[in-house]
Amino acid sequence: MSKKKFCSSANFPAWFDGTNLSEPLFCTAFLQTHQLIYSECSFFTPNGRMQDCTPLKEAIFQEIHSYICSGIPNKIKNITEVLKITAFVPEFPPAEDCVHLKNGTLFLDGTFDSAARQIVRTRLPVVYNPDAPTPTKWIAFLDELLFPEDIPMFQEFVGYLLLPTNKAQRMMIIKGNGGEGKSQIGTVLKKLFGINAKDGCIGKISENQFARADLEHIHLLIDDDMRMEALKQTNYVKSLVTAKGKMDLEKKGQQSYQGHMFARLLAFSNGDLQSLYDRSDGFYRRQLILTTKAKNPTRVDDPDLADKLCAEIEGILSWAFEGLQRLVANQFRFSESERSRQNRELLKQDGNNLLMFLESKDYIQFDSACAATSKELMAVYAVWCDDNGFAPLKSRTVSDFLIANAHKYHIEHTNNIHSVDGRRVWGFKGIRLMIDAVVRSRNGFQRIYDKNDPFA
């Protein structure tokens with residue numbers, strides 16, 4: 001076995017006395033030669049957040065392996081933990097006035113500093129090239145995919161993603177019928193943002209309290225196949241879209257903490273977006289909804305399109321920055337087209353057919369002296385939808401909405417309502433049904449609901 005040879009004690013670093021290594025002294029010396037801070041449970045360098053600490057541990061190893069012979073893994077672990085304390089900064093807010101890029105920093109006024117390599121929260125893996133050619137393939141792709149009046153808003157939204165901010169408080173949904181090429185947008189944006197973008201499911205955010213923490217330090221979440229009917233709860237989604245400053249974050253098995261959140265949401269969807277749980281105006285007004293053009297039946301798909309679009313990434317960056325500058329000049333108000341506004345209103349109107357039903361006094365009224373079974377209520381709701389040309393929402397969606405808004409309508413969800421065959425079933429006290437409807441019980445019995453007998 002070879003023996004470790006040490007230099008003379010006079011040449012030992014201050015953190016090593018010939019026998020023992022002082023972690024605090026080592027960390028102090030280490031930070032003099034390495035740009036590093038620790039904030040909000042993460043290390044940050046000039047390249048942004050350190051997702052993997054392996055390079056840091058390798059750098060520590062290179063410094064210490066000539067001085068200690070055993071227990072190196074544990075020593076590196078201890079040093080890493082001490083570094084969290086030594087490099088800690090209590091506040092490290094996102095820089096909302098510039099875009100940190102691979103070769104420097106681009107400011108909102110269009111000036112560029114190639115020497116700016118300070119420690120940052122996020123750095124995009126794209127070179128800024130003021131002479132980058134116009135991304136002709138990207139523009140042609142968007143012209144074929146989107147309506148011309150919607151492209152300026154889309155450009156502003158992509159530009160909006162460049163900054164770590166939620167000032168605009170909007171998410172975007174791009175809806176089509178499938179096969180139009182929407183997914184190519186996600187491919188390009190992941191090239192533009194690198195580790196600062198991730199795939200995910202907005203539905204998971206709506207149902208999982210820990211999912212928000214996974215989006216910390218992320219510019220963009222892309223949902224390639226959003227199903228709006230899955231959003232039974234939208235509080236977590238709305239909190240992300242409207243986040244300003246710090247918010248409470250939770251990781252499983254860990255104490256909650258406050259972290260900056262600026263992840264924006266971009267969703268692609270095929271088909272119906274009508275079965276929403278949250279029918280509040282506040283939720284709808286946070287959405288920018290684009291519809292795609294129908295696919296040209298004569299179009300021949302290019303299997304290399306994604307590569308060709310990504311090859312224009314420097315030009316796409318300049319294109320996006322142009323949209324960002326326009327958005328900032330307009331006080332973070334998007335250039336929303338009349339088509340986009342109509343998309344949102346149509347979605348709201350169709351999604352709100354339940355609200356319209358509840359306001360239809362010829363079909364339903366709220367009366368504390370009355371009650372209706374869930375099955376009776378759905379039967380009358382189905383009649384109203386048929387009369388008014390709407391598709392009825394699922395019974396679970398209707399029940400969930402009424403339960404969530406029981407206080408508003410002065411109703412009570414209970415299983416103490418008697419069906420026509422005398423069984424106790426679930427329903428709502430405080431609801432009077434105003435029309436006759438056919439209701440079929442489980443044993444096949446049929447009856448005509450008598451509007452004059454609210455407790456029948």
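May I ask you to verify whether residue 327 is at pLDDT below 90 and either part of a helix (DSSP H, G or I) or farther than 21 Å from residue 144 by Cα (or both)?
So residue 327 fails the test.
Six or more apart or on different chains, Cβ atoms under 6 Å: show the pairs whose first residue is in segment 295-310 and without any contact (Cβ under 8 Å) to a residue 40 or more places away in the chain and loosely packed, with under 10 Cβ neighbours inside 10 Å and whose second is in a loop (DSSP other than H, G, I, E, B) and small (Gly, Ala, Ser).
If the second residue must be in a loop (DSSP other than H, G, I, E, B) and small (Gly, Ala, Ser), no pairs are left.
Would you confirm whether or not segment 46-53 contains a residue that is under 37 Å from the mean Cα position of the chain (by Cα), assigned to a strand (DSSP E or B) and in contact (Cβ under 8 Å) with a residue 12 or more places away in the chain?
Yes: one or more hits.
Could you tell me whether residue 73 is surrounded by fewer than 12 Cβ atoms within 10 Å (Cβ to Cβ) and not in a loop (DSSP other than H, G, I, E, B)?
For residue 73, the condition - surrounded by fewer than 12 Cβ atoms within 10 Å (Cβ to Cβ) and not in a loop (DSSP other than H, G, I, E, B) - is met.
Failed condition for residue 398, given (1) modelled with pLDDT of 80 or more; (2) surrounded by fewer than 18 Cβ atoms within 10 Å (Cβ to Cβ), with all others met?
Single failed check for residue 398: (2).
Only helices (runs of 4 or more DSSP H) wholly contained in segment 140-256 count here; list those with 3 or more residues that are polar (S, T, N, Q) and within 30 Å of residue 302 (Cβ to Cβ).
Ranges flagged: 183-193.
Please go through segment 99-131 and give me each residue that is among the acidic types (Asp, Glu) and part of a loop (DSSP other than H, G, I, E, B), ordered by number.
The answer is 109, 131.
Right, residue 218: buried (at least 20 other Cβ atoms within 10 Å of the Cβ), closer than 20 Å to residue 270 by Cα and not polar (S, T, N, Q) or not?
For residue 218, the condition - buried (at least 20 other Cβ atoms within 10 Å of the Cβ), closer than 20 Å to residue 270 by Cα and not polar (S, T, N, Q) - is not met.
Could you look through segment 196-220, keep only residues that are closer than 18 Å to residue 320 by Cβ and in contact (Cβ under 8 Å) with a residue 40 or more places away in the chain, and pick out the one that is farthest from the chain's Cα centre (by Cα)?
Checked segment 196-220; the qualifying residue farthest from the chain's Cα centre (by Cα) is 196.
The values are calculated or read from the model by the stated rules, or taken from the named source; none is laboratory data. In this text the structure is predicted, and so the values were computed from the model without any measurement. When we count neighbours, we look across all protein chains shown, and the Cβ atoms used for this are built from the backbone with ideal geometry, even at glycine.
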